[in-house]
Amino acid sequence: MRTVSLSFRDARPEDAGRLTEIGRDTFSETFGMLYRHEDLQAYLDEYFTPEKQLAEIEDPDTEIRIAVMRAKTIAYAKLGPVKLPIEHDPATSLELHRLYVRQEGQGVGVGRILLTWAVEQARQRGAKNIYLGVWENNQRAISVYETRNFEAIGNYQFPVGNAMDNEVIMRKSLEY
């Protein structure tokens, strides 16, 4: 078993560039081969800019937790209001918008730790349900979520440029 030095902290305004970089890199390395270059670039330019990331960091309804390994940001999770196209109670529901882990950070428990953080934050905020969307062919992620008691409850179309992905909506009940 390899030993790594990990630290976790809340994102700060000066992290906007790091979140832009990891968002672009992680999405591209994981899904980039699925899209035409123009569609991938349009998606990255819409969602992963320093300005967009700064706005998300400064949004009082959003929480972002980052993981650092050997002085490099290797993962992050973003939790906030539900934006998925599903009926829900906004007062008692939150969404895990992103859980991105760089390839070099996979297999050391970073994703599991960030997922646990998101669930605990949602509970602390009084949520009864936490939702997420995941690409229907990302079986590795779906399996991880299922082992953490998320269940598939619907589907929707997610735009990446002009391409449309089939996504699975998953929910975890936080009520005991």
**Report entry** Hits in region 110-136 (condition: at pLDDT below 95, in contact with a strand residue (DSSP E or B) (Cβ under 8 Å, 6 or more places away or on another chain) and not aliphatic (A, V, I, L, M))
**Finding:** 111
Requested in this report: Those residues that are touching a helix residue (DSSP H, G or I) at 6+ places or on another chain (Cβ under 8 Å) and part of a strand (DSSP E or B), I need them from region 166-176; list them, please.
Outcome: 168, 170, 172
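What residue, among those in region 132-164 that are charged (D, E, K, R) and in a helix (DSSP H, G or I), is farthest from residue 43 (Cα to Cα)?
Let us first name the residues in region 132-164 that are charged (D, E, K, R), namely 136, 140, 146, 148, 151.
Next cut, in a helix (DSSP H, G or I) only: 140, 146.
Values: 140: 23, 146: 27 Å.
Only one residue fits best here, namely 146.
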**Report entry** Selection within region 51-109 - surrounded by fewer than 20 Cβ atoms within 10 Å (Cβ to Cβ), under 14 Å from residue 21 (Cα atoms), among the hydrophobic types (A, V, I, L, M, F, W, C) and without any contact (Cβ under 8 Å) to a residue 60 or more places away in the chain
**Finding:** 54
Query raised in the report: For region 149-165, how many residues are out of contact with any helix residue (DSSP H, G or I) (no Cβ under 9 Å at 6 or more places or on another chain), among the small types (Gly, Ala, Ser) and free of Cβ contacts under 8 Å to residues at least 60 places away in the same chain?
Result: 0
**Report entry** Of all residues making up region 32-85, the number that are touching a Leu at 6+ places or on another chain (Cβ under 8 Å), of a type in the set (Gly, Ala, Ser) and not in a helix (DSSP H, G or I)
**Finding:** 4
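The values are calculated or read from the model by the stated rules, or taken from the named source; none is laboratory data. Being a predicted model, the structure only gives us computed values, none of them experimental. Ideal geometry is used to build each Cβ from the backbone, glycine not excepted, and the neighbour counts take in all protein chains shown.
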